[in-house]
Amino acid sequence: MLIEIDFNSDEAIYLQLRNQIIMGIATSTIHEGDPLPSVRTLAENIGINMHTVNKAYNVLRQEGFIQLDRRKGAVICIDVNKIQALQDMKEQLRILLAKGSCKGITREEVHELVDEIYEEYK
């Protein structure tokens, strides 16, 4: 698994890490049951603080993407609570669509963008 952190980004490093792991799952680069590197190993490989990796792993656990086990470490394990996932997505989309609306982005442009992004996951 290749993780690339943009240290110049305004986005927090733990969120960049979280997002890249989620993208890895969505694009089938990482699969259900795959172990993630230990907190220490990943922190050393990327050149970030262990607490940052730990925070990303805890967020992923809370969101239902991984399980944390004392013996096995972090393992990809998707929580299939679709109702909660849809509610979470709705909340996030509400803000993104409001931002787009303020910038004059049309419904048609949003639909095209969604279709384009979904094609990446096939």
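Using a probe radius of 1.4 angstrom, the carbon and sulfur fraction of the accessible surface of the chain is 52%. Label sites at Glu44 and Ala12, each approximated as a point 7 angstrom past Cα along Cα to Cβ, lie 2.6 nm apart.
Report, by chain and number, residues whose modeled amide H sits under 5 Å from the one on Ile48, excluding near sequence neighbours (fewer than 5 apart, same chain). For Ile48, whose amide H was placed from the backbone, there are no distant partners under 5 Å. Membrane-span-like helices in the chain, defined here as complete DSSP H runs extending at least 24 Å along the helix axis by their C-alpha atoms with mean Kyte-Doolittle hydropathy no lower than 1.6, are absent; this is a sequence and geometry rule, not a statement about a membrane. Distance from the alpha carbon centroid of segment 1-53 to that of segment 58-115 works out to 17 angstrom.
Note the per residue figure in Å³ for the convex hull of the C-alpha positions in segment 11-61. Don't skip to the answer; put the middle values down first.
Details: hull volume 3.9 nm³, N = 51.
Output value, Cα hull per residue: 76 Å³.
Translational diffusion coefficient of segment 38-99 (Stokes-Einstein, Kirkwood radius from Cα pairs, 20 °C, 1.002 mPa s): 161 µm²/s.
Looking at the chain, the accessible area is 76 square angstrom per residue; that uses a 1.4 Å probe and ignores ligands, DNA and RNA. How much of the calculated P(r) for the chain lies past 20 Å, in percent of all Cα pairs? That fraction is 52 percent. Note on segment 71-117: Rg/Rh from Cα positions, Kirkwood definition for Rh, rounded to two decimals, is 1.19. Which number gives the lysine pairs in the chain that have C-alpha atoms under 27 Å apart and are eight or more places apart or on different chains? So the count of such lysine pairs works out to 10.
The values are calculated or read from the model by the stated rules, or taken from the named source; none is laboratory data. These numbers come from a predicted model, not from an experiment. Cβ atoms come from the backbone with ideal geometry, glycine included; neighbour counts cover every protein chain shown. Note: accessible area is taken over every heavy atom of the protein model, side chains too, but ligands, DNA and RNA are not part of it. Shrake-Rupley method; radii C 1.70, N 1.55, O 1.52, S 1.80 Å.
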